[in-house]
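Comments concern the structure below.
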Amino acid sequence: MRRRPTDFRRPVRRRFSHWIWALFGLFTIVGLLLFVVHHNHSEDRIEQSVLERNSRIERVAHDRLNFTDEISSATSFSRQLAEQITLAKAYVVIAKEHSNLHLAWELSSKIRSSQLLLSKAVMKGEPITLEEAEPIIKSLSSLIFKAQDAHYDISTTIMTMKSHIQALEERANAATVQSTVFGQVAAEALPKSLHCLNVKLIADWMKYPSFQKMADERKNSQRVVDNNLYHFCIFSDNVLATSVVVNSTVSSADHPKQLVFHIVTNGINYGAMQTWFLSNDFKGSTIEVQKIEDFSWLNASYAPVLKQMLDPNTRAYYFGGLQDLAVDPKLRNPKYMLLLNHLRFYIPEIYPQLEKVVFLDDDVVVQKDLTPLFSVDLHGNVNGVVETCLEAFHRYYKYLNFSNSIISSKFDPQACGWAFGMNVFDLIAWRKANVTARYHYWQEQNADGLLWKPGTLPPGLLTFYGLTEPLDRRWHVLGLGYDLNIDNRLIESAAVIHFNGNMKPWLKLAITRYRPLWKRYLNQSHPYFEDCITS
C-alpha cells in the first residue's frame with residue numbers, strides 16, 4: 001500500500017472555521033480563508049503542490065527570487081507560513097486574555113521562528129523548501145489546534161476580538177487626527193528661510209529712504225489705472241511665493257511691459273514686499289504694492305466677515321480656545337481668519353477705476369501667456385472660472401449645508417463647483433450686479449457658521465451663483481499641493497498650475513515631483529536668496 005505523505009495540515013473543524021472567518025472580519029479574512037482552504041486540500045493536491053514547488057525552485061535557481069510573487073503564490077510555503085502567522089497572532093491575543101501565558105509564549109516563539117525563516121528566504125533570494133517549512137508548519141499547526149481545543153468558547157472569542165478591533169479602530173482614528181494636526185501645523189508655519197528673507201528686506205526698507213520714495217512714485221503712476229493694460233491682483237503675506245507668481249507670469253507673457261501687478265499684503269510684510277519688488281527687475285512690468293491697513297473703508301461696520309473675525313468665540317475656535325475633537329482639524333485652520341484671503345470679494349472697491357482683472361493666488365505658477373484671458377467673452381457674467389465637477393466631490397452639496405432651507409431653496413445641490421486661484425473678473429458686470437452686497441448678505445446669514453464649511457470657496461459659490469462663465473480646463477490645473485498622480489500631459493498643457501493643498505512648494509513637505517516647476521521661477525540672483533534660502 002502506498003504510504004500517505006505527512007499530513008501536517010490537519011483539517012480544521014468546519015464549524016469553527018466559519019466562526020473564525022466572521023471573527024477576523026476585514027483584516028484577516030483573506031489570510032484565514034486561504035489557511036482553511038489549505039487545511040482541507042486532499043493528499044493528491046499536496047503531492048501535486050510539492051512537485052510544483054520543486055519544479056519552480058529549479059526554474060529560479062539562476063535568477064533572484066521575486067519575493068512579492070512568492071508570497072502571493074497559492075502554492076508556496078512562504079504564503080502558508082504568512083497565513084499561519086496571521087492566525088497564530090490572533091490566538092496569542094486570545095491566550096493572553098485567558099491568562100494562558102504559556103500557550104501565548106509558545107505561539108510567539110513559533111511566530112518568531114516563522115518570521116526568521118521568511119527573512120532568510122528574502123535575504124538569500126531563494127524560495128523556502130519543503131524540508132525547511134515542514135517542521136515549523138507542523139509545530140505551529142499543532143499549537144493552533146491546541147488553542148482551538150482549549151477552553152475558549154466561540155462567543156467569548158468573538159467578544160474578545162470585537163473589543164480588540166474596536167480599540168484598534170479608535171487608535172487608528174486618533175492617529176489620523178494627530179497626523180492631520182501635524183500636517184496643518186507644518187503647512188501654517190513660516191519656514192526659517194522665509195523669515196530670514198523678510199527680516200533682511202524689512203531692514204533695508206527702514207535703512208534706505210530711496211525705497212520709500214520709489215514706492216510713492218509707483219503708487220502715483222498712471223499705469224496702475226490704465227485699462228488698456230493687463231491687470232493682475234495678488235493678495236499675500238508671502239514674499240517669495242508672490243515673487244514666483246509675478247516672475248512666472250512675466251516670463252510666460254509675450255509682452256511683459258504691458259502687465260500691471262497689484263499686490264496687497266499686511267503691515268508686517270509691507271516693507272519686505274516693497275523692497276523685494278523694488279530691487280528686482282520683472283521685465284519692465286509695473287508692480288504696485290499696498291497694505292490692507294490703509295483700506296479705511298474695510299471695517300467691521302461695512303464687512304460682516306470682519307465683524308465675525310473680531311468675535312471672541314470665533315477667534316477661540318480657530319486659535320485653540322475651543323478644543324472640539326469632533327471637528328476636522330483642517331477646518332480649524334487659522335488661515336480662514338486671515339483677512340487677506342477675503343479681499344477677493346472686494347476687488348472693485350480696492351480698484352475702483354479698473355474694468356477687468358485676473359486674480360491669482362500666491363500658490364500658483366503661470367506657464368503660458370495669460371493676456372488672451374482679457375479677451376474671453378464672459379457673456380455678461382462676472383467670474384470666468386475653471387469648473388471642477390469632473391469628480392462628484394466638487395458639487396455644491398459637498399460644500400454647503402443643504403439641510404438648511406435657506407440653502408436648499410435657492411441652490412442646486414448638483415451644481416458644478418469651480419476653483420479660486422485663477423479667475424477673470426469683469427468689474428463692470430460685478431458692480432452692475434452688486435456682487436459685494438450679495439457676499440455681505442450670505443456672510444450675515446452665516447453668522448452662526450452653519451451654512452457652509454470654513455473657507456472662501458463656499459461663500460464664493462453662493463456669491464457668484466449664476467454669474468460664472470466656464471473656461472477651458474487647461475487654463476487652470478489644480479491639485480499640485482496634495483495629488484501625487486496628476487498626468488504630466490495635463491500639467492504641461494496648463495496655463496496655470498495650482499499648488500492648492502498643504503504641500504506648498506516652499507515647504508519641506510512639498511511633493512518632490514512638482515517642486516522644480518515652482519523653483520525655476522525663483523529669483524536666485526538676489527543677494528539675500530543665497531544668504532537665506534540656499535543656506
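The values are calculated or read from the model by the stated rules, or taken from the named source; none is laboratory data. As the structure is a computational prediction, the values presented were derived from the model and not from experiment. Cβ coordinates were reconstructed from backbone atoms using ideal geometry, including for glycine residues, and neighbour counts include every protein chain displayed. These accessible areas exclude ligands, DNA and RNA; they are computed on the full protein's heavy atoms, side chains included. Shrake-Rupley method; radii C 1.70, N 1.55, O 1.52, S 1.80 Å.
Structure above, values below:
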| read-out | value |
| --- | --- |
| Residue in the stretch 478-501 that is open to solvent by 40 Å² or more (accessible area, probe 1.4 Å), closer than 14 Å to residue 383 by Cα and not in a helix (DSSP H, G or I) present | no |
| Residue within the stretch 211-218 that is modelled with pLDDT of 95 or more and within 25 Å of residue 355 (Cβ to Cβ) present | no |
| Residue within the stretch 527-534 that is in a loop (DSSP other than H, G, I, E, B), of a type outside the set (Asp, Glu) and open to solvent by less than 60 Å² (accessible area, probe 1.4 Å) present | no |
| Which listed residue, of 259, 340, 298, 331, is touching a His at 6+ places or on another chain (Cβ under 9 Å) and either within 20 Å of residue 450 (Cβ to Cβ) or modelled with pLDDT of 90 or more (or both) | 259 |
| Enumeration of residues in the stretch 397-452 that are under 12 Å from residue 463 (Cα atoms), in a helix (DSSP H, G or I) and either of a type in the set (Asp, Glu) or without any contact (Cβ under 8 Å) to a residue 24 or more places away in the chain (or both) | 437, 441, 442 |
| Residue match in the stretch 272-284 (condition: closer than 18 Å to residue 225 by Cα and touching a residue at least 40 places away in the same chain (Cβ under 8 Å)) | no |
| Residue that is nearest to the chain's Cα centre (by Cα), among those in the stretch 116-148 that are surrounded by 15 or more Cβ atoms within 10 Å (Cβ to Cβ) and among the acidic types (Asp, Glu) | 126 |
| Sole exception among (1) in a helix (DSSP H, G or I); (2) at pLDDT below 70; (3) out of contact with any helix residue (DSSP H, G or I) (no Cβ under 6 Å at 6 or more places or on another chain) for residue 314, by number | (3) |
| Residues (open to solvent by less than 30 Å² (accessible area, probe 1.4 Å), polar (S, T, N, Q) and either not in a helix (DSSP H, G or I) or not assigned by the TED database to the domain that holds residue 506 (or both)) located in the stretch 360-382 | 381 |
| Residues of the stretch 424-459 that turn out to be open to solvent by 40 Å² or more (accessible area, probe 1.4 Å) and either under 29 Å from the mean Cα position of the chain (by Cα) or under 15 Å from residue 343 (Cα atoms) (or both), as a count | 7 |
| Residue 385 being open to solvent by less than 30 Å² (accessible area, probe 1.4 Å), in contact with a Ser or Thr (Cβ under 7 Å, 6 or more places away or on another chain) and either over 21 Å from residue 441 (Cβ atoms) or in the same structural domain as residue 342 (by the TED database) (or both) | yes |
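Residue-wise test of (1) under 20 Å from residue 347 (Cα atoms); (2) surrounded by 16 or more Cβ atoms within 10 Å (Cβ to Cβ); (3) over 33 Å from the mean Cα position of the chain (by Cα).
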position	(1), (2), (3)
245	yes, yes, no
252	no, yes, no
258	no, yes, yes
262	yes, yes, no
268	no, no, no
271	no, yes, no
276	no, yes, no
280	no, no, yes
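Residue-by-condition table, conditions (1) touching an Asp or Glu at 6+ places or on another chain (Cβ under 8 Å); (2) under 28 Å from residue 521 (Cβ atoms):
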| position | (1), (2) |
| --- | --- |
| 349 | no, no |
| 354 | no, yes |
| 361 | no, yes |
| 386 | yes, yes |
| 398 | no, no |
| 408 | no, no |
| 411 | no, no |
| 414 | no, no |
